[in-house]
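S.K.: Take a look at the following structure, please.
Coordinate-derived values only; no laboratory data. The structure presented is a predicted model; accordingly, all values stated were derived computationally and were not measured. Here the Cβ positions follow ideal geometry from the backbone for every residue, glycine too, while neighbour counts run over all protein chains shown.
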Amino acid sequence: MLILRSMKPLNRYVIIRKLLHLSTALVPLCYVFIPRYPMVISLCLMGLFSLFVDFLRLEIKPISRLFNHLFGKLLWEKEKETLTAATHYAVAAFLSVYFFDKWIAIAVLLFLSLGDTAAHIIGVRWGKRRIDSEKTVEGSLACLVICLSVSALLPQVDLIVLFVGSVIASLVEFFPFGIDDNFALPLISGAAMEIMVKLL
C-alpha cells in the first residue's frame, strides 16, 4: 500500500553520506584490474575491521561517545544501535567477490553504489508514491534505470542475466525487507544472476 510520509531531507550530512556511498563504486572498479585473491583478502580484512569497530562502538560506552561525537551526524538513527551501513557494505562486498563470478560481483556492487544512491536522491527530491518513509516508486525506477545503464557497460555478462539482476536489485531497493540494502541488494541480485547463468 502506497503511503505519504516525509523522507530524510537532503541536508549537508545526508549529502556527505551519499557521496561516501557513491565513492564505494571504487571497490568494483578496482576489481576490474585487481585479481580475485588479493581482492578477497582486502575485502575480508575491511569487513573484519568494520565489524570490530562496530563491536567496540556498541559495547564500550566511551568509544561509543567518541564515535558519535565524530560521526554521529552521518548515521541514520537506527544505526546508532546496530551495525552501520559501512559494515553491511564491507561484509556484502567480501561475500559478493568470494562467491560470485568476477563480473557479476562487479555488476552488483555497482548496482548498489550507483543505483541505491540514485534511488535515495530521486526519492527525496521527486518521490511522490511511497511504500514507507524511505522507499518510493520514483526512487526505485531511478535505481532500475541506473542498473540497466551499468549493465550496458558490462559485455562480459549475458544481457538477460544483467537485466534480471537489475530488476531484482531495484525490487530489493524498493521493498522494505528489514535487511539493510547495502547487504541485501548485492547478495540477492547476485544470487539471482548466478542462478540465471546456470539456467541459460
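S.K.: Please tell me the relative contact order of the chain in percent, rounded to the nearest whole number, where contacts are Cα pairs under 8 Å and at least six residues apart.
M.R.: Reported relative contact order: 26 percent.
S.K.: For the chain, what is the number of Lys pairs with C-alpha distance below 15 angstrom, counting only pairs 8 or more positions apart or on separate chains?
M.R.: Numbers: Lys8/Lys18; Lys8/Lys73; Lys8/Lys78; Lys8/Lys128; Lys8/Lys135; Lys18/Lys73; Lys61/Lys80.
Total qualifying Lys-Lys pairs in the chain comes to 7.
S.K.: For the chain, modelled as a Gaussian network with Cα springs under 10 Å, which listed residue fluctuates most, Ser50, Ser23, Ser96?
M.R.: Ser23
S.K.: Helix-only estimate, please: 222 nm mean residue ellipticity of the chain, summing -39500 (n - 2.57) across DSSP H runs of length 4 or more and dividing by its residues, to the nearest 500.
M.R.: On the way: 10 runs with 139 residues, N = 200.
Per the formula, -22500 deg cm²/dmol.
S.K.: Sticking with this structure for a sec: Given 4 °C and 1.567 mPa s, compute D for the chain with the Stokes-Einstein relation, Rh being the Kirkwood radius over Cα pairs; round to the nearest whole µm²/s. Before the final figure, lay out the partial values.
M.R.: Values: Rh = 17.3 Å.
Calculated translational D: 75 µm²/s.
S.K.: Would you please give the FRET efficiency between Leu74 and Phe163, computed as 1/(1 + (r/R0)^6) with r the Cβ-Cβ distance and R0 = 35 Å, to the nearest 0.05?
M.R.: Efficiency computed from Cβ-Cβ geometry: 0.55.
S.K.: Can I ask one more? Taking K and R as +1 and D and E as -1, what net charge do the other residues with C-beta under 15 Å from the C-beta of Ser113 add up to?
M.R.: So the environment of Ser113 carries a net charge of -2.
S.K.: Nothing charged except the Cβ atoms of Lys and Arg (+1) and of Asp and Glu (-1): what's the magnitude of the dipole of the stretch 12-199 about its Cα centre? Round to the nearest 20 debye.
M.R.: With Lys and Arg at +1 and Asp and Glu at -1, about 520 debye.
S.K.: Label 7 Å along Cα→Cβ of Val32; the stretch 182-199 residues with amide nitrogen under 17 Å?
M.R.: Hits in the stretch 182-199 for Val32 at 17 Å: none.
S.K.: How big, on average over all directions, is the shadow cast by the Cα convex hull of the stretch 66-155, in nm²? Mind dumping the intermediate values first?
M.R.: On the way: hull surface 29.1 nm².
Mean projected area of the Cα convex hull: 7.3 nm².
S.K.: Picking from Val172, Val164, Val32, which is most flexible by a Gaussian network model of the chain using Cα springs under 10 Å?
M.R.: Val32
S.K.: Choose one of Gly115, Val91, Ala191: the residue whose Cα lies farthest towards the positive end of the charge dipole of the chain (beta-carbon charges +1 Lys, Arg; -1 Asp, Glu; about the Cα centre).
M.R.: Gly115
S.K.: For the chain, set up a GNM with springs between Cα atoms under 10 Å and report which of Pro186, Pro28, Pro155 has the largest fluctuation.
M.R.: Pro155
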